[in-house]
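**Q** I'd like to ask some things about the structure below.
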Amino acid sequence: MSNLQWKIVTIIAVFVIFFGVGVYPLIAQRYNVHQPSWLVEKALKLGLDLKGGVHLVLRVQTEDALRIVTDQESERLREELKNKQVTVAKIETPDATHIRVEGVPPAQDPVFRQVANEVTTNFERGSGANGTYTFTMRPNVQVSLRDEAVVQARQTIERRVNELGVTEPSIAQQGNNGDQILVQLPGVTDVERAKEIIRSTGLLELKIVEQSAPTKEALMQNGKVPDGMDIVPGASGGTPADAGTIYYLVKKVAAVSGQDLRNARVSVDENNRPAVSFTLSNEGGRKFGKVSGENIGRQLAIILDGRVQSAPTLESRITTEGRITGSFTQEEVQNLSLILRSGALPATLTYLEERTIGPTLGADSIRSGVIASAVGLLLVVSFMLVYYRLSGVNAVVALIFNLVILLGLMAYVGAVMTLPGIAGFVLTMGIGVDSNVLIFERIKEELEAQRGVRASINAGFGRVFWTLVDTHIAALISCAFLFQFGTGPIRGFAVTLCIGLVSNLFTSIFVSKTLFEMALANRHQVATLSI
Amino acid sequence: MHIFKNTDIDFLRWRWHAIALSWVIIIVGVITIATKGIPKGVEFAGGTVVIEKFDRMPSVQQVREALDRNYPGGGQNTVVQSYGDPSLNMVMIRVPQVGSESGASLSSEAAKVEDALNKANLGNHRRESAEIVGATVGRELTSKGIWATVLSLIGILAYLAFRFQFSFGVGAVVATIHDLLITLAFLAFFRYDMSLNVIAAILTMTGFSTNDTIVIFDRIRENLRSMRRDSMNHIINVSVNQTLGRTVITSGTALLTALALFFFGGEVLHAFAFTMVVGIITGTYSSVFIAAAIVSLWRGDAPTRAAAHAHVIAQPAPTPQQPQRKQKPQRKARAS
């Protein structure tokens, strides 16, 4: 085969492939034609703004993760000091990264230091003037705890979203400090439920009740919460309606927590009210068995996200099975069991941004996008045909090629079509013919300088080549920054524009030139060119 | 067909007029921005936008009254407008307040707005869409937007300085900054909200505008080689004239598509399309009148450096074995 024939074959092959991946599925979908499943999977995906759905940005309060570790280590320190019979005046955690110990007796100072060194490995010990020590969490520990908290939060959200059954969700970390999580849920309409499920900490703790009282003050000693203890509010048991709030005094560190959980499912309590049953892991069951065995006759507080749900009296030793009862509706127990199954969040989450796009608005956007594309295409095509006549046909073929490759490539790389993406598509038409115009104008100039048709065409393409490379690279530079800057829809726009630029370089130089060569191939003497 | 056949317009003669005109627009823009500020969309300012779909379309006036009466703090600083296709009965309501960024209360203002509508008995309505942005996101986006624009300008300058002489890079970047300022002036003047889409349009427009400029610069560079004895200003004028047809046609087609977006692209893309239309027009104008003028101001109107250089080195032997590239354009240069 000749050189020209090879070029034609290449072009047809490229067209068929990209048409098959990019355009055919769209047409088939529109007219309900059957298509193979691998093609459906590859089909161009619509962004949230066109499909409808929820877009959430949450911040992970990474302080929480630090506070948990600080609390745990200060409790361990307290226990160990008690074991070694070192009595100190006070152990407190003034903030998330500090432990303060006051009143270490001078005589016991060496023992204290030794215990502290063994227990508080994540902390730096400050100087101990007058028996007062301040422990500061090591910076590298802080950083890794924060990172871990965000990653864990992301994974937990992923599990919850999967349990919700959302198709093609997108969950990613973002933000200047990397502590934000972007959640996109296409097609979700029940926003409030999704928000609640994602955000609930889902921290289950089982603690033995030391004391309970109708007011906080009654549980305090000298107006303060006793060391190592926590006061947690909860309903006073019985039916929810009559329940005034009651307060429980419990240990700060839980006997068993959500990490020991193996499963949770919807069930009912003895009064046939909705409840959640849970199963502990073997390790959790062993711990729970020990605690429940030692405390028969006392109350066990079942605490969920800092609130006592119920506080049944332990009648026997319990190991792995348990049940959370309270004043739940059927939907609440469903959500709760889902949240417990997917594990607790390591830190609380707050919402920074929240967008919902209804399906009506998405459909409206698609409709206007398609109309704008059609009008834009029509205008550009008619202009090119009127102004460049037969060569205009060349440009139009190149333009259509460009659009087909653009759609095909987007589908292939799994890019998402958004509304700004459609705008990028429309602009690609307008800006894309630029390359053709540049080449054609140059050919005209060469023709006016009385050069032959073939020579003019070659000169036109040859001269303009580097200009095109320059303009396309400059445009790609601004595109790259756009991509870097944007999230969601804007990224879609940047991707569309970038791919459009690359495919434009191919169509305007290779396809368009081959078309000219085809037109001139069978003619020996060419005197005129319709341009 | 030819729009411009062998034009011979002295563009540089008009450069001071052009620069003056640009300054007037920019100053008006700066005054508008200084006195009224750039209106920011919720993405940047933070706030709550809800789009409510009604069974029976109320008038904008009715919705406004409902907010005045029932929304805490009244309807001050709220924006109410009908939204999207009229057959969809949608109204957009924007309030600057946003729930606190703690817990799940970010969307509390949206609920208050809906409450206000319920109390006014405007018929059934439901939330079609909402956009609720806290201050943190707005702050981060603003800094990101500014950085993206600045870095992309630096990127273009670096590339052009690498591919052309430095003066051309300066010309292109000055022209692009010019377009940026003019576009901002128009946006401020017509009170379009600064949104993510608008930033995207501005960045695209800078790409487009440099595109035009590069084509002209490329021609100047080519002519600098062939028209060694001519003055810089003459070469610039010839180059701009030679590429005028192409400049007008491509801007024309780009403008056609931007207008298609403006009129048919729907509500969401309105500000985007407006920015593109303004950007394309000013981009074309600046490529023709500003970019090259900056190059000539930067370098002066002396006979080109290449020419001076050629006198010293190439005088004795008028380059017999010069590659043909250099001869071809010479003929064309004479033709123009």
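**Q** Taking the condition within 24 Å of the chain's Cα centre (by Cα) and farther than 24 Å from B:V295 by Cα, does B:L196 pass?
**A** Yes, satisfied.
**Q** Is it fair to say A:Q299 is out of contact with any helix residue (DSSP H, G or I) (no Cβ under 7 Å at 6 or more places or on another chain), more than 13 Å from A:L204 (Cβ to Cβ) and not hydrophobic (A, V, I, L, M, F, W, C)?
**A** So A:Q299 fits the description; yes.
**Q** Another question, if that's okay. Which of the residues that make up the range B:64-91 are within 14 Å of chain A (Cβ to nearest Cβ) and either within 25 Å of A:L58 (Cβ to Cβ) or surrounded by fewer than 20 Cβ atoms within 10 Å (Cβ to Cβ) (or both)?
**A** B:S82, B:D85, B:P86, B:S87, B:L88
**Q** All but one of (1) closer than 22 Å to B:R219 by Cβ; (2) surrounded by 20 or more Cβ atoms within 10 Å (Cβ to Cβ); (3) of a type outside the set (D, E, K, R) hold for A:P489, so report the exception by its number.
**A** (1)
**Q** On to the next question. In the range B:135-164, which residues are at the interface with chain A (Cβ under 7 Å from one of its Cβ atoms), over 13 Å from A:I477 (Cβ atoms) and polar (S, T, N, Q)?
**A** Scanning the range B:135-164 gives a single hit, B:T136.
**Q** Could you count how many residues in the range B:61-75 are among the aliphatic types (A, V, I, L, M) and under 10 Å from B:V95 (Cβ atoms)?
**A** 1
**Q** While we're here: If a residue counts only when it is facing chain A (nearest Cβ under 9 Å), touching a residue at least 24 places away in the same chain (Cβ under 8 Å) and touching a helix residue (DSSP H, G or I) at 6+ places or on another chain (Cβ under 9 Å), which helices (runs of 4 or more DSSP H) contained entirely in the range B:177-274 have at least 3 such residues?
**A** Per the criteria, B:196-226, B:244-264.
**Q** Condition (residue is buried (at least 19 other Cβ atoms within 10 Å of the Cβ), among the aliphatic types (A, V, I, L, M) and either within 28 Å of A:V225 (Cβ to Cβ) or outside the structural domain of A:E217 (by TED's automatic domain parsing) (or both)) applied to the range A:264-284: is it met by at least one residue?
**A** no
**Q** With (1) crowded, with 16+ Cβ neighbours inside 10 Å; (2) assigned to a helix (DSSP H, G or I) as the list, and A:R59 as the residue in question, which single condition is left unmet?
**A** The one condition A:R59 does not meet is (2).
**Q** Taking the range A:350-372 only, how many residues are closer than 25 Å to A:V393 by Cβ and more than 8 Å from chain B (Cβ to nearest Cβ)?
**A** 1
**Q** Further question on the same structure: Restricting attention to the range B:112-134, report how many residues are at the interface with another protein chain (Cβ under 9 Å from one of its Cβ atoms) and more than 26 Å from the chain's Cα centre (by Cα).
**A** 7
**Q** Among the residues of the range A:208-217, is any free of Cβ contacts under 8 Å to residues at least 12 places away in the same chain, in a helix (DSSP H, G or I) and over 25 Å from A:N263 (Cβ atoms)?
**A** yes
**Q** Another question, then. What's the total number of residues in the range A:446-467 that are within 9 Å of chain B (Cβ to nearest Cβ) and within 54 Å of the chain's Cα centre (by Cα)?
**A** Residues in the range A:446-467 being within 9 Å of chain B (Cβ to nearest Cβ) and within 54 Å of the chain's Cα centre (by Cα): 5 in total.
**Q** Now for a different question. When you scan the range A:408-417, do you find a residue that is of a type in the set (V, I, T) and surrounded by fewer than 24 Cβ atoms within 10 Å (Cβ to Cβ), even just one?
**A** yes
**Q** Quick one: would you say A:G500 is closer than 30 Å to A:R355 by Cα, in the same structural domain as A:T514 (by TED's automatic domain parsing) and at pLDDT below 85?
**A** So A:G500 fails the test.
**Q** While we're looking at this one, here's another question. Among the candidates A:V393, A:V375, A:V381, which residue alone is more than 13 Å from every other protein chain (Cβ to nearest Cβ) and aliphatic (A, V, I, L, M)?
**A** The unique qualifying residue is A:V393.
**Q** What number of residues within the range A:247-261 satisfy the criterion of being under 12 Å from A:L204 (Cβ atoms) and either part of a strand (DSSP E or B) or touching a Pro at 6+ places or on another chain (Cβ under 9 Å) (or both)?
**A** Matching residues across the range A:247-261 total 3.
**Q** Something else now. Are any residues in the range A:22-47 of a type outside the set (D, E, K, R), within 27 Å of the chain's Cα centre (by Cα) and not in a helix (DSSP H, G or I), and if so, which ones?
**A** Selection gives A:A43, A:L44, A:L46, A:G47.
**Q** Can you spot a residue in the range A:212-221 that is charged (D, E, K, R) and crowded, with 20+ Cβ neighbours inside 10 Å?
**A** No, there is no match, as no residue in the range A:212-221 is charged (D, E, K, R) and crowded, with 20+ Cβ neighbours inside 10 Å.
**Q** Which one is nearest to A:A398 (Cα to Cα) among residues in the range A:14-44 that are surrounded by fewer than 16 Cβ atoms within 10 Å (Cβ to Cβ) and charged (D, E, K, R)?
**A** Restricting to residues being surrounded by fewer than 16 Cβ atoms within 10 Å (Cβ to Cβ) and charged (D, E, K, R), the top hit is A:R30.
**Q** Scan the range A:390-399 and tell me whether some residue there is without any contact (Cβ under 8 Å) to a residue 40 or more places away in the chain and of a type outside the set (A, V, I, L, M).
**A** yes
**Q** Report, ordered by the first and then the second residue, all pairs with beta carbons closer than 6 Å, sequence separation of six or more or different chains, a first member in the range A:147-173 that is at positive phi, and a second member that is part of a strand (DSSP E or B).
**A** Pairs found: A:E168/A:P186.
**Q** Given the conditions (1) surrounded by 19 or more Cβ atoms within 10 Å (Cβ to Cβ); (2) not assigned by TED's automatic domain parsing to the domain that holds B:F186, report the number of the one that B:G29 does not fulfil.
**A** (2)
**Q** Are any residues in the range A:178-197 in a helix (DSSP H, G or I) and of a type in the set (V, I, T), and if so, which ones?
**A** A:V191, A:I197
**Q** Return the total of residues in the range A:269-317 being outside any helix (DSSP H, G or I) and among the basic types (K, R).
**A** Here the count works out to 4.
**Q** Next question. Those residues that are surrounded by fewer than 16 Cβ atoms within 10 Å (Cβ to Cβ), more than 38 Å from the chain's Cα centre (by Cα) and assigned to a loop (DSSP other than H, G, I, E, B), I need them from the range A:107-136; list them, please.
**A** Correct list: A:G126, A:S127.
**Q** Next question, about the same structure. For the range B:109-144, enumerate the residues that are within 16 Å of B:V95 (Cα to Cα) and surrounded by fewer than 16 Cβ atoms within 10 Å (Cβ to Cβ).
**A** Hits for the range B:109-144 are B:A111, B:D115, B:A135.
**Q** Are there any pairs, at least 6 apart or on different chains, whose C-beta atoms fall under 6 Å, with the first in the range A:179-199 and farther than 18 Å from A:V333 by Cβ and facing another protein chain (nearest Cβ under 9 Å) and the second of a type in the set (V, I, T) and crowded, with 20+ Cβ neighbours inside 10 Å, and if so, which?
**A** Cβ pairs passing all conditions: A:Q180/A:V57; A:V191/A:V54; A:V191/A:T356.
**Q** Name the residue, out of A:V143, A:V104, that is at negative phi and assigned to a helix (DSSP H, G or I).
**A** A:V143
**Q** Here is a list: B:L196, B:L181. Which entry is at pLDDT 90 or above and closer than 29 Å to B:L141 by Cβ?
**A** Going through B:L196, B:L181 in turn, just one is at pLDDT 90 or above and closer than 29 Å to B:L141 by Cβ: B:L181.
The values are calculated or read from the model by the stated rules, or taken from the named source; none is laboratory data. These figures come from a predicted structure and were not determined experimentally. Cβ: placed from backbone, ideal geometry, glycine included. Neighbour counts: every protein chain shown.
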